[in-house]
Structures are given as structure tokens and as C-alpha cells.
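The values are calculated or read from the model by the stated rules, or taken from the named source; none is laboratory data. These numbers were taken from a predicted model, which means no experiment stands behind them. Counting neighbours? That spans all protein chains shown, and the Cβs are built from the backbone with ideal geometry, glycine included.
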Amino acid sequence: MKVFAGNSNRLLAEAICNYLNLPLGKATVRRFADQEIFVEIGENVRGEDVFIVQSTSFPTNDHLMELLIMIDAVRRSSARRITAVLPYFGYARQDRKPGPRTPISAKLVANLITEAGADRVLTLDLHAGQIQGFFDIPTDNLYAIPILARDVKENYNLKNVMVVSPDVGGVVRARALAKRLDCLLAIVDKRRDRPGESEVMNVIGEVNGKDCLLIDDIVDSGGTLCNAAEALLKNGATSVTAYITHGVLSGGAVARVTSSMLKELVITDSIQPTTAVQSAHNIRVISTAALIGEAISRTSQEESVSSLFD
Ligand code: R5P
């Protein structure tokens with residue numbers, strides 16, 4: 001088995017290799033003067049089981065193209081099997097047509113990865129589980145919930161914890177964490193009572209006096225998160241912490257989080273943290289390297305991956 005990485009998340013790729021006790025494969029990913037991407041695999045991969053770690057995070061299109069070109073280079077070098085490891089799968093939010101004459105870009109990206117020559121995909125907390133069906137090759141969707149739940153247990157008195165979904169769409173994910181922690185569940189519901197009136201955040205559940213844990217798959221602008229935190233505090237919550245798998249944190253999101261009432265935002269390293277994230281006083285990053293490393297090892301040895309979550 002060999003593990004290679006593009007430029008999006010080398011720190012995580014190195015940590016995964018550390019877990020697997022393997023050196024990170026030698027590959028150069030660089031640019032021509034006109035910004036075309038050029039890849040050179042620096043070691044023999046003939047007959048190997050190859051894993052390419054690359055999050056399609058910002059700059060999404062560059063990172064996606066790097067992944068496609070790396071897959072092509074490895075395929076043309078006669079690897080036995082290629083697994084695209086996407087700790088963060090960009091474009092996942094475009095998983096259906098929101099209106100007429102719009103694309104389903106998540107499906108297009110799945111087609112590109114398959115067409116480039118990937119035999120399998122390994123990813124983490126897909127925005128919607130059904131995206132697995134966009135690939136006609138085996139796809140394993142890992143869950144960060146066991147890692148997040150362990151962190152909650154180490155840092156919170158579970159007797160006073162309430163798990164909260166920041167919107168109605170995230171209830172299934174929040175319920176899974178609440179079940180694992182044996183805690184109660186609340187939901188923040190954004191609603192416009194009458195056309196023309198502004199949206200109101202309604203909290204479904206008794207959060208008064210509770211330490212609320214917001215759970216979501218993505219924090220991007222931070223809007224969903226900070227609005228939900230405000231609504232919970234207005235309804236009497238003692239504190240609000242957020243556990244979110246993918247720290248996309250675009251634009252002014254880090255500043256929004258640091259100046260918010262959030263006690264802490266806990267994200268994973270599925271997207272490589274920027275220096276702003278690393279120095280934010282209320283953002284903490286926990287690692288997925290052991291989870292992804294173990295899933296890679298089991299894939300390579302044809303062992304069960306789903307039993308990681310039993
Ligand atoms: C939406 O369905 C996702 O689960 C997240 O809630 C959303 O992407 C967060 O975006 P933002 O941080 O920009 O509100």
C-alpha cells in the first residue's frame with residue numbers, strides 16, 4: 001500500500017502516514033507559469049494499492065484538478081487499485097437542482113473522479129449520505145461522530161448537556177450524537193411566519209440552564225452557527241459550544257466566530273486549518289488521522305470499515 005497527497009492537506013496526510021507507520025509517497029505537484037498543474041510520482045507504484053489524500057477545499061477547483069491529475073498519473077503508472085481519500089468533499093452541497101436550469105455539481109464531481117480512474121472513494125461526513133450513490137464505484141463515508149463524542153465526554157458534564165441541531169436539515173446527525181451521549185435533543189427552526197416578515201429563530205426544546213452543543217457537518221460563513229448560538233442564549237442556555245466536522249470558514253467567518261458568544265468551536269482537520277484558525281481563541285481542532293488511517297488500513301486488508309462505528 002502507498003499513500004500520496006496533493007497540496008490541500010499535507011499535515012493530515014502526514015499524520016495518517018504516521019498512524020500507518022508508512023512514509024508519505026514521493027510526489028511533486030507543481031504549476032507551470034500559466035498555472036497548469038503538473039504532477040510527477042517519484043516512486044514505483046506498479047501493482048500497488050494506492051491511496052491519494054486530497055480535500056477539495058479552498059481553492060476548491062485547484063485542489064479538485066490536482067486530485068484528478070494525480071489519479072491520472074497513478075493510473076498510467078499501473079497501480080493495481082486507486083482510492084481517492086477526500087476528508088472533505090467540496091461541491092457536496094450542490095447535490096440537487098435547487099431550481100430550473102441549475103446543475104447537480106456534486107454528481108459532476110463524482111463523475112470526474114471516477115472518469116479520472118479512481119476505483120474507490122473514502123470520505124468523511126458527506127453533506128448528504130445519498131451522495132454515495134453519485135459514484136458507481138465503492139464509496140465509504142466515515143463518520144466523525146465517535147471522535148466528537150469522545151471529546152464531549154472528556155470536556156463536559158453530560159448531565160447538563162443538550163445536543164442541538166442548528167437547522168431542521170441537521171436533525172438526523174444531531175440525533176445520532178444525542179443517542180451516543182444519551183442526552184436530550186433540541187432543534188433551532190428558522191421560520192418566516194408571514195410572507196414579507198423577517199425570519200425568526202424558534203428553539204424547539206427546553207434549553208434553559210443547559211450547556212448546548214450545536215452539531216453540524218459544515219461551518220462556512222458561520223452564519224447558521226452564530227445565529228443559532230444567539231437564539232439558544234436568548235432562550236436561557238448557560239453556554240453554547242459547536243462541534244462541526246468541516247471547518248470551511250470562508251471570508252470573515254473566523255472573525256465572526258471569535259467575536260460571537262460561542263464558548264468554543266471544535267472542528268476537525270478534514271480541512272487544513274489556516275493560521276487565523278490556529279490562533280483563534282475559541283476554535284479548537286481535533287484530528288481525524290487515526291480514523292482515516294484505520295479505514296485505509298482496513299480497506300487495504302479487505303476488512304470491515306463499517307465496524308469502526310459499531
Ligand atoms: C447546510 O445545510 C450545512 O449543513 C451547514 O449548516 C451550512 O453549510 C453552514 O453554512 P454557513 O456557515 O455559511 O451558515
query: What are the residue pairs meeting all of these: first residue in segment 155-171, first residue outside any loop (DSSP other than H, G, I, E, B), second residue among the hydroxyl-bearing types (Ser, Thr, Tyr) and surrounded by 13 or more Cβ atoms within 10 Å (Cβ to Cβ), Cβ atoms under 6 Å, and 6 or more apart or on different chains?
result: 171/165
- line: Taking segment 93-108 and keeping only residues that are assigned to a loop (DSSP other than H, G, I, E, B), away from the ligand (no atom under 15 Å from the Cβ) and surrounded by 13 or more Cβ atoms within 10 Å (Cβ to Cβ), one is left with 104
message: Looking at 193, 151, 140, can you tell me which residue is away from the ligand (no atom under 16 Å from the Cβ) and assigned to a loop (DSSP other than H, G, I, E, B)?
response: 193
query: Take the residues of segment 144-181 that are at pLDDT 95 or above and of a type in the set (Asp, Glu): which is farthest from residue 285 (Cα to Cα)?
result: 154
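If I go through segment 252-261 residue by residue, how many of them are farther than 23 Å from residue 203 by Cα, more than 9 Å from the ligand (Cβ to nearest atom) and not polar (S, T, N, Q)?
In the first step, residues of segment 252-261 are kept if they are farther than 23 Å from residue 203 by Cα; the result is 252-255, 258.
Okay, now just the ones that are also more than 9 Å from the ligand (Cβ to nearest atom), so 252, 254-255, 258.
Now narrow it down to the ones that are not polar (S, T, N, Q): 252, 254-255.
So the count comes out to 3.
Considering only segment 57-71, I want to know if a residue exists there that is more than 22 Å from residue 115 (Cβ to Cβ) and of a type outside the set (S, T, N, Q).
Going residue by residue through segment 57-71, those that are more than 22 Å from residue 115 (Cβ to Cβ) are 58.
With the extra rule that they be of a type outside the set (S, T, N, Q), the set shrinks to 58.
Yes, segment 57-71 has at least one match.
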query: Which of the residues spanning segment 125-137 are surrounded by 20 or more Cβ atoms within 10 Å (Cβ to Cβ) and not in a loop (DSSP other than H, G, I, E, B)?
result: 131, 134
field: Which listed residue is buried (at least 20 other Cβ atoms within 10 Å of the Cβ), of a type outside the set (A, V, I, L, M, F, W, C) and more than 16 Å from the ligand (Cβ to nearest atom), from 210, 179
entry: 210
task: Determine which member of the set 139, 123 is in contact with a strand residue (DSSP E or B) (Cβ under 6 Å, 6 or more places away or on another chain), closer than 19 Å to residue 219 by Cβ and free of Cβ contacts under 8 Å to residues at least 40 places away in the same chain.
output: 123
query: What do you reckon, is residue 53 in the same structural domain as residue 122 (by TED's automatic domain parsing), over 21 Å from residue 301 (Cβ atoms) and surrounded by 11 or more Cβ atoms within 10 Å (Cβ to Cβ)?
result: no
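Mind listing whichever residues of segment 196-207 are modelled with pLDDT of 90 or more and either within 16 Å of the ligand (Cβ to nearest atom) or not small (Gly, Ala, Ser) (or both)? Steps first, please.
Step one: list which residues in segment 196-207 are modelled with pLDDT of 90 or more, which gives 202-207.
Passing the criteria: 202, 203, 204, 206, 207.
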- request: Considering only segment 213-240, state which residues are surrounded by fewer than 21 Cβ atoms within 10 Å (Cβ to Cβ) and away from the ligand (no atom under 14 Å from the Cβ).
  value: 233, 234, 235, 236, 238, 239
- line: Of the listed residues (85, 39, 74), the one being over 27 Å from residue 171 (Cα atoms), assigned by TED's automatic domain parsing to the domain that holds residue 294, of a type in the set (A, V, I, L, M, F, W, C) and not in a helix (DSSP H, G or I) is 39
- line: Matching residues in segment 46-70 (hydrophobic (A, V, I, L, M, F, W, C) and touching a strand residue (DSSP E or B) at 6+ places or on another chain (Cβ under 6 Å)) number 7
message: So, in segment 71-113, how many residues would count as being over 14 Å from residue 130 (Cα atoms) and in contact with a strand residue (DSSP E or B) (Cβ under 7 Å, 6 or more places away or on another chain)?
response: 16
